[in-house]
Each structure stands twice: as structure tokens, then as C-alpha cells.
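The values are calculated or read from the model by the stated rules, or taken from the named source; none is laboratory data. Treat the numbers as computed from the prediction; the structure is a model and nothing was measured. Methodologically, a virtual Cβ is constructed for each residue, glycine included, from the backbone with ideal geometry; neighbour enumeration extends over all protein chains shown. Each accessible area value is taken on the protein alone, full model and side chains, heavy atoms only, with ligands, DNA and RNA left out. Shrake-Rupley method; radii C 1.70, N 1.55, O 1.52, S 1.80 Å.
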Amino acid sequence: MDITELLISKGIFNNTTLKGKVAVVTGGGGGIGYEAARALAWLGAHVVIAEINKATGLAAVEEINRQIGRKAATFFYVDISNATSIVELAEKLNQNLGQVDIVLNNATVISLGAVKEVSINNWDTSYQVNLRGPVLLAQQFLPGMLKRNYGVFVSVSSSGAAPYMGPYEVMKVAQTELAHTIAAELEGTGVYAFTIGPGLVKTTTAMDAIEKIAPLYGKTVEEFYEMSENQIISAEAAGAGFAAAIALADKFNGQEIGSTQALHVAGINIYDNDSKAENTNISHEIILEIEPICKRVLEAFIDQHDGWKKRPLFERMWVLRDFNKHASMPVDQWLNILTNMQAACGEGNIKALLQIKAPINKLVAYIIHLQDLAKGYVKDKNELEKSLMYLKKWQQDTEALESLMAKLYK
């Protein structure tokens, strides 16, 4: 492949964006990890493929170096489940490369089955790879990042609690909270931590897992994929999203985001919007329906934001971190998205609307979360009732907006 064809090259970056940075990608020998490593190499970073599988790791390095046209990647063996192996990795990297600026916790193991049936050994293995390993990597590499006042520590999330995926998902949720904790502890230091989810990608690991789990849900593999047809993206898109998020780490600090969201912010389009805009059967009436709802959602959002700005400093910081955690994007980004959405509706611009891939379901989740908080903090019965009515209306409008926007992609 010509490196000018790489998806990461289609956005706001150039091939010196991460020049001089050293990035460790665990499990980078294949799938999304390989694509993330390749994109990071294009951005100018020197990429360390930290793999337990020597054959795939060396093959990945050879291919990345061939495509990039320079020594952009190096293989180092590591067993993430083994503390001694991680210490040895850190020592070798310090000796050979001098520093580590970026850690992408991509390595994973997947254990499936009902909680009552999965062996405790499988739970232990998941813990060692999916949580303990990232903690050990943080302890090895964060001190150096802090000395240089720059670093990026990335966790990779999944879909959250799901039946028959407990040993995997529970540790992934814990890894997400690890990134939130690191971000809060290192706020203002120049070292950033966040979590990114790839979406549904047909990697070998994912397809093997779905073959096992689909019957537990009473579905065929085909039916399982059909449930999330609109969310499936390529491994390259997922990996490019990881790399884009790392390059934009200051924007995503402390958040849980998705690959498509990072690509959107980076100006990289993975959807054939021109074709959709030309052939869509969406009526002008739907655009007219979206506009007033979007306006109400935006007005409620601005009202809440104005209230947050009046709070004491530490309370305001907590509110904003809480928002980022539940809504998956910073306040300013949501304001921009909703403003652009309303403007596109006012212009009747379907093409512009199709380019807005906002996780509106996350905003809904945050509004529901606000209602739960209100029940715990607002003591006056009348004030509580008034607050809940206001938030419920905001929730209903936002859910309606999500539903209408979904029609744009059918």
C-alpha cells in the first residue's frame, strides 16, 4: 500500500505530528493494534510493537518499516501477564530508545461464558492481562513522562457489562476507571490519560469470540452482526482512530471516547456521505422536525453550562470531569456539535448532517445520570420535582433527536 493511501493521512495531521515520540503498542502484531501502530508510525512516532508472539511481532515491524520507508518500528517481546517481563521491557526500552512517550494498552485476552461457569483461572488471566498489566505499565512509564512533562497513556475499552462476557468486560471497565483515575491524578502535568473503544471490528479475535457467544444469545453469527450493522468499521479505521486520539490527547484527557469520534475530530471521514446525500429519500419534513428539537436540546445544554460556570472552582472541575466521563466528549465539543447540527438543519443541508457522527446516546445517558444525582442532592421536595421535570424534558428531546438522526443513516 502506498503510504499516501493510509486513512490517517486524510485528516488534519502530517507525518511529523508525533516526530521524536516513542510509542509502545502492546499486542501490536495484528488486528487493530497493528493498524494503530502503522498509523502512529505514519504520524512520525517510533513504534514499539510489544508482543508475546515473536513471529507476528517481527512480521508487523517488517511491514510497517517497508510501508513507511524508514525504521519506524521495533519489536520487543513482552508477556503482559508477567510483572518481570514488563520490568525487562521498560529496562530494554530505556537502554535502546531512551524514553517512552506513549503507551497504548491494546493487548487483551477474551474469556467467555456465564459468571457461574467460567473457571477462576480464566478470571485470573483476564485480570493479569486486561488490568494488572496496564497498571504495571503505568508504574513503569508514567514517572518518565512526568519528568518530561509530556506523555499519553491510553486504555482500550469495550462495550461494558454484557451477559456471558463477564471475565473480559469487568476487567475492561476497571481499565477504563484506571485511565480516569490517572487523568485526575495528573491533571495539569502535560501527561494525558483516556480510554478509547474501537467499535465493532471483524478482527480474528472478535470473530472467534462472536462465534462462541452468539449461540448463548440465541442467535447465529450473522444475526449477531446484523444487530450492530451500522456500527461495524474496518480495523484500519479503528486503529487510525486510536492514533488520531493520541495525537489529540489534550482534547480527550479523562474521557472515554470511540474511534469514530476521534476520526471525526481529526477531519477523517470513513463514510460515503456524498453518495448518501445524493441518493437519500429523507424528506424535507424530517429536517424541519429535527431543527426545533435540536434547538431545545442546545438551549437546555447552554442553560446547564451557564449554571456550571457559576459553581466554586473544585465543584466546577468535578462537574466537568463527571460530564466528560458520562457524555464521552468535553462540553465545548458538544456545544460545537449541537450548534453545527442546528445550523445544518436551518440550511436544509443533509450532507452536513450526515457528517455529524455524535454519540447522542451518551448525552442521554448523562442526562439520566443527572436525574439520579438530583435525587441524592436536592433536599427540597418542590425543587426536586421541578428539577426532575426539567431534566426529563431535556432527556425526551435528546432521545427524540437521537432517533431522528438515526434515520439519516438508514
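Couple of notes before you dig in:
- Matching residues in segment 162-194 - criterion: being over 24 Å from SER126 (Cβ atoms) and either surrounded by fewer than 20 Cβ atoms within 10 Å (Cβ to Cβ) or of a type in the set (S, T, N, Q) (or both): ALA184, GLU185, LEU186, GLU187, GLY188, THR189, GLY190
- Any hit, segment 146-157, residues being of a type outside the set (A, V, I, L, M, F, W, C) and under 29 Å from ILE213 (Cα atoms): yes
- Of residues in segment 328-373 being of a type in the set (A, V, I, L, M) and farther than 17 Å from ILE290 by Cα, the one surrounded by the most Cβ atoms within 10 Å (Cβ to Cβ): MET329
- Residue check for GLY199: under 24 Å from ASP101 (Cβ atoms) and of a type in the set (Gly, Ala, Ser): no
- Qualifying residue in segment 3-17 (condition: surrounded by 16 or more Cβ atoms within 10 Å (Cβ to Cβ) and in contact with a strand residue (DSSP E or B) (Cβ under 7 Å, 6 or more places away or on another chain)): no
- Inter-residue pairs, beta-carbon under 8 Å, first within 13 Å of GLU256 (Cβ to Cβ) and in segment 357-370, second among the aromatic types (Phe, Trp, Tyr) and open to solvent by less than 60 Å² (accessible area, probe 1.4 Å), 6+ apart: TYR366/PHE323
One line per residue, one yes/no per condition, for (1) under 23 Å from LYS325 (Cβ atoms); (2) among the basic types (Lys, Arg); (3) in a helix (DSSP H, G or I); (4) under 21 Å from the mean Cα position of the chain (by Cα):
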| site | (1), (2), (3), (4) |
| --- | --- |
| ILE80 | no, no, no, no |
| LEU89 | no, no, yes, no |
| LEU93 | no, no, yes, no |
| ILE110 | no, no, no, yes |
| SER158 | yes, no, no, yes |
| GLN175 | yes, no, yes, yes |
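- Count of residues meeting criterion [out of contact with any Leu (no Cβ under 9 Å at 6 or more places or on another chain) and modelled with pLDDT of 85 or more] in segment 197-237: 3
- Figure legend. Inter-residue proximity from segment 12-30: first residues more than 21 Å from ASP79 (Cβ to Cβ) and without any contact (Cβ under 8 Å) to a residue 60 or more places away in the chain, second residues assigned to a loop (DSSP other than H, G, I, E, B) and not aromatic (Phe, Trp, Tyr), beta-carbon distance below 7 Å, spacing 6+ or different chains. Indicated pairs: ASN15/LEU43; ASN15/GLY44; THR16/GLY44; LYS19/GLY44.
- Selection of segment 60-75 for residues being buried (at least 17 other Cβ atoms within 10 Å of the Cβ) and either touching a helix residue (DSSP H, G or I) at 6+ places or on another chain (Cβ under 6 Å) or in a helix (DSSP H, G or I) (or both) yields ALA60, VAL61, ILE64, GLN67, ILE68, ALA72, ALA73, PHE75.
- Number of positions in segment 30-44 that are outside any helix (DSSP H, G or I) and under 20 Å from the mean Cα position of the chain (by Cα): 2
- Residues in segment 21-53 that are among the aromatic types (Phe, Trp, Tyr) and on the phi > 0 side of the Ramachandran plot: there are none.
- Verdict on TYR150 being open to solvent by 30 Å² or more (accessible area, probe 1.4 Å) and in contact (Cβ under 8 Å) with a residue 12 or more places away in the chain: yes
- Considering segment 380-405, the residues that are touching a residue at least 60 places away in the same chain (Cβ under 8 Å) and of a type in the set (A, V, I, L, M) include one that is farthest from LYS357 (Cα to Cα), namely ALA400.
- Residues that are surrounded by 12 or more Cβ atoms within 10 Å (Cβ to Cβ), touching a residue at least 12 places away in the same chain (Cβ under 8 Å) and not hydrophobic (A, V, I, L, M, F, W, C), drawn from segment 209-230: LYS212, TYR217, TYR225
- Beta carbons closer than 9 Å, at least 6 apart along the sequence or on distinct chains, never pair a first residue in segment 90-103 that is more than 21 Å from VAL154 (Cβ to Cβ) with a second that is small (Gly, Ala, Ser).
- Boolean, LYS325 is closer than 22 Å to LEU370 by Cα and surrounded by 15 or more Cβ atoms within 10 Å (Cβ to Cβ): yes
- Tabulated pairs, segment 54-80, first more than 17 Å from ALA107 (Cβ to Cβ) and modelled with pLDDT under 95, second of a type in the set (Lys, Arg) and not in a loop (DSSP other than H, G, I, E, B), C-beta under 6 angstrom, 6+ apart or interchain: none
- Number of the condition not met by VAL129 [criteria: (1) touching a residue at least 40 places away in the same chain (Cβ under 8 Å); (2) in a strand (DSSP E or B)]: (2)
Let's see how each residue does on (1) among the β-branched types (Val, Ile, Thr); (2) at pLDDT below 90; (3) crowded, with 22+ Cβ neighbours inside 10 Å:
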site	(1), (2), (3)
GLY239	no, no, yes
ASN269	no, yes, no
ASP272	no, yes, no
ILE287	yes, yes, no
PRO292	no, no, no
LYS295	no, no, no
ILE302	yes, no, no
